[in-house]
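S.K.: Structure in structure tokens, see below.
We did not get these values from a lab; they are worked out from the coordinates using the rules stated. The shown structure was predicted, so the numbers you read here are calculated from the model rather than taken from an experiment. Ideal geometry is used to build each Cβ from the backbone, glycine not excepted, and the neighbour counts take in all protein chains shown.
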Amino acid sequence: MARRFAILCLLTLLPAAAWAGPYEFFGTGPRAMAMRGAYAAISDDAAGYYYNVAGITQVGRFHAEFGYAFGVPDMTINGVKQNVNDNRGINIGAIVSSDVAGHRLSGGVNAFVPDAHMMRFLELPTDQPHSPMVANADQTIVELAGAALEVTRWLSLGVGLNMLASNHGGVNFQVNQNKPSQGELNSKIGSVFSPIAGIWSKPLDWLRVGLSYREKLFCRLTLPNDIQIPALTLPGSEQALLRASDLKLWADTWSHFSPRQFELGFAFEPHSRVTISTDLTYMQWSEMKSDAPHTLVYLSGGLADVFPSTNGPPPPPPDFHDTWNPALGIEGRPVVDPRAALALRLGYRYRPTPVPDETGINNYLDSDTHIFSGDFGLTIGKFWDVFPRAISLDVFAQMHYMAPRIIHKSDPDDYIGDYRFAGEWWNFGANLTFRF
Amino acid sequence: MRRLHLRVILFAAIALSVGRGAAHADVLYTYGYTPRGIGMGGAMTAVADDMGAAYYNPAGAAFQTKPLIGLGYLYTGSEMKGIGVRAPSLATTYGVLFGTILPIPFGGFLTDRVAFGLASFFPNGLLLGIEVPYATSPQYVLLQNSGRSLSFIPTFSIKLLDILSIGGGVQTFDNTSGSWHARINQDGSIQATVTQEMIGSYAATAGLMFRPGAYWSEVDGLRFGFVFRDSFFTSYKIPVATSVGGVPLVVEFNATSLYTPRQYVAGLSYATGNWLFAVDGSYNEWSEFPHPSLDVSVHFKIPVLPIAFRDSVAEAPHFHDTVTVKTGAEVTAWRGNDGVFMTRFGLGYDPSPVPPQRGNTNFLDTDRWIGGVSVGWRWLGVGTYKFSAPLVFDLGGQLQYLPARVTEKADTVDPTNPGYPRVGFQGWLYAVGGTLSIPFDYE
């Protein structure tokens, strides 16, 4: 009972949200999310920066998107619902195209800005149950920028960058007894870039093919702190009770890991009003490092004589394994008219978990997940002379079903013990697309 | 026509009320943005017709009918000499400039009236660097973090009339807060929970551009610009909570850095023949500059021992407002079939807002005399072959003279103060940069 209580207390801190990055977990773009990421061969909007940057050459002139999405979790451990953060934020994207020596050159950005923070590092101790995919990943801004060139009418190549931040910095304090304390700060938030690239081809009128590569991305958080305490004396006395002390606190951790990915997709149009797309994504989760802080505390001087301390070993590796993720999407267009068009989309993705059976000290929470999605899209033709081309409104929904998973610890005295967890995520959103 | 103008104004009011308007960044305040602007001494408020429009005057973008994209590099350095103290080093800064103007191709009454602008500076490998030395350490309180932060200023602008445009946007960046909590395990080892949040912050910028020549040909070439930039700073807060032999030790600190003052800038430019002249005046509210050193609070009670630790003491910096003047000129020196060659120069004066350092702090700052030069080459093609879009190369440099400023310390100052008995410095700042910008057409 005490153990269960301890687990529940710890898990009230369970952070929310997404996997690796919000785009790995939910996707981006209403149409792509509705087709559950089976989009490498489509990528004809701002979602293409993520799924296949080469595909954005299908967009001419100027194209802008504005959307909002929110994801609501329902996760349980031992049947008790957990207080997990939801995932909310604004999505914007733009594609600008020009003609360069007879070839279309397109470029622009896709960004997701969470409501709560631009970025969060929440680094938990090794044994605290948490989702490695949801702890920080959704709580971060996503910035993708890319450009693509239409080499021929049936072949495009694209490259881009994904950007995040790392942080190194700490403070030096002089904690004084007889004069005001003071401190100095040196903090450096650095940029971390990882490349993305894609090839898009349309060899036949009814067939599109896309191959996409996304390099792994992770952040490092390093916090060195130094607290200096002068010799301590009793009030009114000049004789030192304790000689000067120095306390060094060091925390070093890796987080926001997104695995290296290779994605191959095909999109077929068996009928002029139907598109079927399928993707297979290989995700190299085996390269993930522990996201628990490696904490070191060094105390020297007078206080060390009184209060000895020790340091533990570094966090054990998570031992994740690589995964293959298949996805299928279908788009139907029952109404096609220059004045108004209607599209309905459905999708499915199977996301096998990279997390092994957690029989040891690690407690990464994840399980095989089935993702179902759908979308309703309305495109209105020229209805006001201010907007020279069509405007689209898309409303989408996703459901992530995380299969129940039971964890049996090999050590009967494990601090956390055995547990069972399961979960669902519901994700909703709407998006406006303007074409000029 | 009147109804058209009313609709434009209403649209603009709605558009600008949605945005929170925007801001200004340290490296841009210190040196300016784009080689052209740097070479013209920063007198660009009434010019603002290139990739720097979002910074210099967001309203300027609305007068551009072609999209434009620019990419470049900026390098800054310094040569400082301490007087009475050993001058701390000032880190060099270098990074990528990226700017754009994208007229939004609306139709109807908004045709050629609305534009998106972006001005950004990405320091190499850095999004934000903050150094906050001990309060008594000699330090360049205004310059030490200059150029150590990303600047990102998206704006929108709208041409209300053929002679008048307005624009606004935001500079976005983050404040940092978090915590550091250590936990003692049964084996005596320590594990920590570390959190750190980067929370978005925004500062507004807004501008107005007036080109009377569109209505009155007698003053063709005359432009007025007005810009407001709200104050901008980042804050940093992280409590460190650990345990010394089971005794809780909590040290919390707060810091404010990268402060850039609220500014009101007025500019005038006049183009005649091959010449363009510009002048800017800026009122800078430095008097709101916050205490720049770390605030430290300590919670550490050792059992039995009646020992109390003291928090830090904040001293108001007492900066004062300043007025900055900048002038610049551009001349089209040569024009041919293959391109156009331009030269530019500028002068400026930026007085220091920092009072004499007679007390415990040693904030090093002095007036800045600014000189700049720049050249530009608008390359149209080679011989009979013409590029589909011109390639515009700009190179520019700026040299700032920082005259000697020395302050004698008051008698009440502790002789162990690093600035005792006198503190001062003199030196030079410099910046060089180059850009390639391309005005093009949507496909």
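S.K.: Taking B:Lys409 as the anchor, which lysines have their alpha carbon closer than 26 Å to its alpha carbon, excluding any fewer than eight residues away along the same chain?
M.R.: List returned: A:Lys179, B:Lys81.
S.K.: To continue, here is another question. What do you get for Rg/Rh over segment A:2-435 if you use C-alpha atoms and the Kirkwood form of Rh?
M.R.: Rounded to two decimals, Rg over Rh is 1.08.
S.K.: Right, next: Mind listing which trypsin sites (Lys or Arg not before Pro) in segment A:370-436 are in a DSSP loop and have 14 or fewer other Cβ atoms within 10 Å?
M.R.: A:Lys382
S.K.: Turning to a different aspect of this structure: Report the relative contact order of chain B, percent, no decimals, based on alpha-carbon pairs under 8 angstrom and at least 6 residues apart.
M.R.: It comes to 20 percent, rounded to a whole number.
S.K.: From the Cα gyration tensor of segment B:50-113, with a ≥ b ≥ c the square roots of its eigenvalues, which class applies: rounded if a/c is under 1.5, or else prolate if a/b is larger than b/c, or else oblate?
M.R.: Note, shape of segment B:50-113 comes out prolate.
S.K.: For B:Phe341, B:Phe233, what's the fewest-to-most ordering of other Cβ within 10 Å of each Cβ?
M.R.: Lowest count first: B:Phe341, B:Phe233.
S.K.: Let me ask you something else. What's the angle, to the nearest 10 degrees (0 to 90), between helix A:2-11's Cα axis and the longest principal axis of chain A?
M.R.: Long axis of A:2-11 versus the principal axis of chain A: about 60 degrees.
S.K.: How large is Rg/Rh for segment A:368-413, to two decimals, with Cα atoms and a Kirkwood Rh?
M.R.: 1.51
S.K.: Shifting gears a bit: Among the trypsin sites (Lys or Arg not before Pro) in segment A:105-194, which ones are in a DSSP loop with at most 12 other Cβ atoms within 10 Å of the Cβ? Mind listing them?
M.R.: In loop regions of segment A:105-194 (DSSP not H, G, I, E or B), the sparsely surrounded trypsin sites (Lys or Arg not before Pro) are A:Arg153.
S.K.: So what is the relative contact order for segment A:261-397, in percent, with contacts set as C-alpha pairs under 8 Å and at least six apart?
M.R.: With pairs under 8 Å counted, the relative contact order is 19 percent.
S.K.: For B:Lys81 and B:His181, FRET efficiency with R0 = 60 Å and r from the beta-carbon atoms, rounded to 0.05?
M.R.: Efficiency, rounded to the nearest 0.05: 0.85.
S.K.: Would you mind checking the pairs A:Lys248/B:Lys237; A:Lys81/B:Lys237; A:Lys188/B:Lys66; A:Lys202/A:Lys289; A:Lys81/A:Lys216 and listing those with alpha carbons more than 29 angstrom apart?
M.R.: Table pairs above 29 Å Cα-Cα are A:Lys81/B:Lys237; A:Lys188/B:Lys66; A:Lys202/A:Lys289; A:Lys81/A:Lys216.
S.K.: For the pair A:Val386/A:Trp154, report the inter-label distance in nm, with labels modelled 7 Å from Cα in the Cβ direction.
M.R.: Here the modelled spin labels are 4.3 nm apart.
S.K.: Residues of A:190-197, mean number of Cβ from any other protein chain within 10 Å of their own Cβ, rounded to a whole number?
M.R.: That works out to 2 on average.
S.K.: What does the structure give for A:168-174 when I average, per residue, the other chain Cβ atoms found within 10 Å of the residue Cβ?
M.R.: Mean partner shielding for this stretch: 5.
S.K.: Something else: Can you give me the angle between helix B:2-18 and the longest principal axis of chain B, using Cα atoms only, in degrees from 0 to 90, rounded to the nearest 10?
M.R.: Approximately 20 degrees, to the nearest 10.
S.K.: So, one more: Tell me, what does the Kirkwood hydrodynamic radius of segment B:2-439 come to in angstroms if you use every pair of distinct C-alpha atoms?
M.R.: 23.7 Å
S.K.: Under 8 Å for C-alpha pairs, at least 6 residues apart: give me the relative contact order for chain A, rounded to a whole percent.
M.R.: Value for chain A: 18 percent.
S.K.: With a 10 Å Cβ neighbour count serving as the proxy for reagent exposure, in which order, fewest first, do B:Lys326, A:Lys216 appear?
M.R.: With the fewest neighbours first, B:Lys326, A:Lys216 line up as A:Lys216, B:Lys326.
S.K.: With each label point set 7 Å from Cα along the Cα-Cβ vector, what nm distance links A:Leu346 and A:Ile361?
M.R.: The modelled label-to-label distance comes out at 4.8 nm.
S.K.: Which of the three applies to the protein assembly as shown, rounded, prolate or oblate, going by the alpha-carbon gyration tensor with a ≥ b ≥ c and a/c under 1.5 meaning rounded?
M.R.: oblate
S.K.: How many nm is it between the label spots at A:Val336 and A:Leu280, if each spot is 7 Å from the Cα in line with the beta carbon?
M.R.: 3.0 nm
S.K.: For A:Asp252, A:Asp357, B:Asp350, which order do you get if you count the other beta carbons within 10 Å of each Cβ and list the fewest first?
M.R.: A:Asp357, A:Asp252, B:Asp350
S.K.: Once you've got the GNM for chain A with C-alpha springs shorter than 10 Å, pick whichever of A:Ala340, A:Ala165, A:Ala267 has the biggest mean-square fluctuation.
M.R.: With Cα springs under 10 Å in chain A, the top fluctuation among A:Ala340, A:Ala165, A:Ala267 is at A:Ala340.
S.K.: Under a GNM of chain A (C-alpha, springs under 10 Å), which listed residue has the highest mean-square fluctuation: A:Thr76, A:Thr253, A:Thr310?
M.R.: In this elastic network of chain A, the residue with the biggest mean-square fluctuation among A:Thr76, A:Thr253, A:Thr310 is A:Thr310.
S.K.: So, R0 is 51 Å and r is the distance between the beta-carbons of A:His321 and B:Thr65; what FRET efficiency does that work out to, to 0.05?
M.R.: Efficiency, from the Cβ-Cβ distance: 0.35.
S.K.: Enter the mean number of other protein chain beta carbons within 10 Å of the beta carbon of each residue in B:130-136, as an integer.
M.R.: Shielding by partners across B:130-136 averages 5.
S.K.: Within segment A:29-73, list the trypsin sites (Lys or Arg not before Pro) lying in a DSSP loop whose Cβ has at most 14 other Cβ atoms in a 10 Å radius.
M.R.: none
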